[in-house]
Each structure stands twice: as C-alpha cells, then as structure tokens.
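First the structure, in the form of structure tokens, and then the observations on it.
The values are calculated or read from the model by the stated rules, or taken from the named source; none is laboratory data. The structure presented is a predicted model; accordingly, all values stated were derived computationally and were not measured. Using ideal geometry, Cβ is built from the backbone for each residue, glycine included, and neighbour counts are taken over all protein chains shown.
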Amino acid sequence: MPATLEVVCNDADCTLDMFELHYTYDMPDDVDVSDFSCPYCGGTDSLEAIEL
C-alpha cells in the first residue's frame, strides 16, 4: 500500500483540525510534511505530522 501521512495544522488562527495525504506509488521516498501547505490557511511552518 502507498504511504498515508496524517497532518495537523498548529496555527492558532486556523480552524482545520487535521487532514490526510494519500500518496501514490510514484511519490518520492524523501517527501515529508515540509513539502506541503495547509489546504485551509495556506501555512507551511505550522504543519506537523501526526505519529500514530
């Protein structure tokens, strides 16, 4: 199965709780949360991967 990344936005002004990124098999191995931005507020520094 391709990887799934669960992400939380820690920006105090953002009301988005969390979201999931579902990768395809073509996603490079070195991709991490710093390569994305919040789909709600657009922040990049406020994103954090949720470790299960």
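Results, tabulated for the structure shown:
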{"quantity": "Residue in the stretch 1-18 that is surrounded by the most Cβ atoms within 10 Å (Cβ to Cβ), counting only those that are aliphatic (A, V, I, L, M) and at pLDDT below 90", "calculated": "LEU5"}
{"quantity": "Members of the stretch 2-18 that are in a loop (DSSP other than H, G, I, E, B) and either of a type in the set (S, T, N, Q) or in contact with a His (Cβ under 6 Å, 6 or more places away or on another chain) (or both)", "calculated": "ASN10, THR15"}
{"quantity": "Within the stretch 19-52, considering residues that are loosely packed, with under 11 Cβ neighbours inside 10 Å and part of a strand (DSSP E or B), the one nearest to the chain's Cα centre (by Cα)", "calculated": "GLU20"}
{"quantity": "Where a residue in the stretch 22-38 is without any contact (Cβ under 8 Å) to a residue 60 or more places away in the chain and its partner, wherever it lies, is part of a loop (DSSP other than H, G, I, E, B) and not hydrophobic (A, V, I, L, M, F, W, C), with Cβ under 6 Å and at least six apart", "calculated": "TYR23/PRO2; THR24/PRO2; TYR25/PRO2; SER37/THR44"}
